[in-house]
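The values are calculated or read from the model by the stated rules, or taken from the named source; none is laboratory data. Note that the structure is predicted; figures quoted are calculated from it, not measured. Methodologically, a virtual Cβ is constructed for each residue, glycine included, from the backbone with ideal geometry; neighbour enumeration extends over all protein chains shown. Areas reflect the complete protein model, heavy atoms only, side chains present, ligands, DNA and RNA absent. Shrake-Rupley method; radii C 1.70, N 1.55, O 1.52, S 1.80 Å.
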Amino acid sequence: MKILLAEDTKDLNKVVTQMLEMQGFDVDSAFDGEEALKLALSNGYDGIVLDIMMPKLSGLQVLKEIRSRNILTPVLMLTAKAEVDDRVEGLDAGADDYLTKPFAMKELMARVKALTRRGSQYAAKELSFGDLTLKSESLELIASNTVRLSIKEFSLMQTLLLNQEHEVDNNYLIEHVWNDEKDASEETVWLYVNFLQGKLSYVDSNVEIKGHKGGPFRVVINE
């Protein structure tokens with residue numbers, strides 16, 4: 001599981017990063033809002049932890065921007081403020097959870113684990129992008145026509161759609177679609193990308209997968 005942690009207090013950032021890594025998470029750290037936004041737009045994450053009060057861009061500004069780009073990654077907001085209005089503003093902007101400083105490290109770890117589980121549950125729902133719909137119950141890809149996908153094709157398409165606003169690299173896809181299977185490689189990813197390209201053509205969708213062998217990959221809408 002990969003986490004983006006945006007916290008401008010360096011000591012706290014370091015401690016939380018170490019704790020997350022001890023729990024098995026891969027962590028990217030950011031110390032201001034601009035850096036956090038750049039990372040969120042260029043990488044795939046299973047969860048994002050955002051401090052509200054940060055230099056350059058606030059956590060709320062970062063949250064609003066990533067949600068406006070249809071990035072659906074679950075987000076936990078951290079703040080030193082306990083006022084209800086701040087909490088409501090964060091939730092209204094698209095936050096999934098909220099934790100007020102000071103907090104117990106055990107509680108933060110529990111919240112992050114719940115957050116990433118929630119992301120997996122969300123990923124099971126129907127997804128749409130452009131004229132394309134992906135249905136989990138039937139494993140169907142639907143546009144002008146309908147085609148059924150294999151489980152791996154479905155998982156790959158689902159992962160790309162959940163990260164539709166940025167490129168996704170081979171390592172992320174192998175981890176999330178193939179669960180780090182020993183035989184999975186960039187050849188495997190490229191093969192399945194080509195399978196999906198063929199099925200996108202079959203359903204006559206305006207969506208295509210951009211990328212080359214070795215990645216990274218991204219879904220785009222052809223106008």
### Summary
Residues in the stretch 27-58 that are modelled with pLDDT of 95 or more, open to solvent by less than 10 Å² (accessible area, probe 1.4 Å) and of a type outside the set (A, V, I, L, M, F, W, C) total 1
### Task
Could you grab me the full set of residues in the stretch 129-158 that are among the hydroxyl-bearing types (Ser, Thr, Tyr) and at pLDDT below 90?
Ser136, Ser138, Ser150, Ser155
### Message
Which residue is surrounded by the most Cβ atoms within 10 Å (Cβ to Cβ), if the candidates are limited to the stretch 1-21 and must be in a helix (DSSP H, G or I) and of a type in the set (S, T, N, Q)?
### Response
Asn13
### Task
Using the structure shown, decide if Gly24 is surrounded by fewer than 19 Cβ atoms within 10 Å (Cβ to Cβ) and not in a helix (DSSP H, G or I).
yes
### Query
For the stretch 59-74, how many residues are surrounded by fewer than 24 Cβ atoms within 10 Å (Cβ to Cβ) and small (Gly, Ala, Ser)?
1
### Task
Mind listing just one residue for me: the one in the stretch 204-217 that is closer than 21 Å to Arg148 by Cα and out of contact with any helix residue (DSSP H, G or I) (no Cβ under 7 Å at 6 or more places or on another chain) and, of those, surrounded by the most Cβ atoms within 10 Å (Cβ to Cβ)?
Ser205
#### Entry: Single unsatisfied condition, Leu132 versus (1) under 14 Å from Phe217 (Cβ atoms); (2) open to solvent by less than 30 Å² (accessible area, probe 1.4 Å)
(1)
## Note on the structure
Log entry, pairs with first residue in the stretch 127-150 being at positive phi, second being surrounded by 14 or more Cβ atoms within 10 Å (Cβ to Cβ) and part of a loop (DSSP other than H, G, I, E, B), beta carbons closer than 9 Å, six or more apart or on different chains, reads Gly130/Ala143; Gly130/Ser205; Gly130/Asn206; Leu139/Leu149
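Matching residues to (1) more than 17 Å from the chain's Cα centre (by Cα); (2) within 18 Å of Asn163 (Cβ to Cβ); (3) touching a residue at least 40 places away in the same chain (Cβ under 8 Å):
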site: Met1; (1), (2), (3): no, yes, yes
site: Lys10; (1), (2), (3): yes, no, no
site: Asn13; (1), (2), (3): yes, no, no
site: Thr17; (1), (2), (3): yes, no, no
site: Met22; (1), (2), (3): yes, no, no
site: Ser29; (1), (2), (3): no, no, no
site: Glu35; (1), (2), (3): no, no, no
site: Leu39; (1), (2), (3): no, yes, no
site: Tyr45; (1), (2), (3): no, yes, yes
### Query
For the stretch 173-203, how many residues are modelled with pLDDT of 85 or more, outside any helix (DSSP H, G or I) and open to solvent by 40 Å² or more (accessible area, probe 1.4 Å)?
1
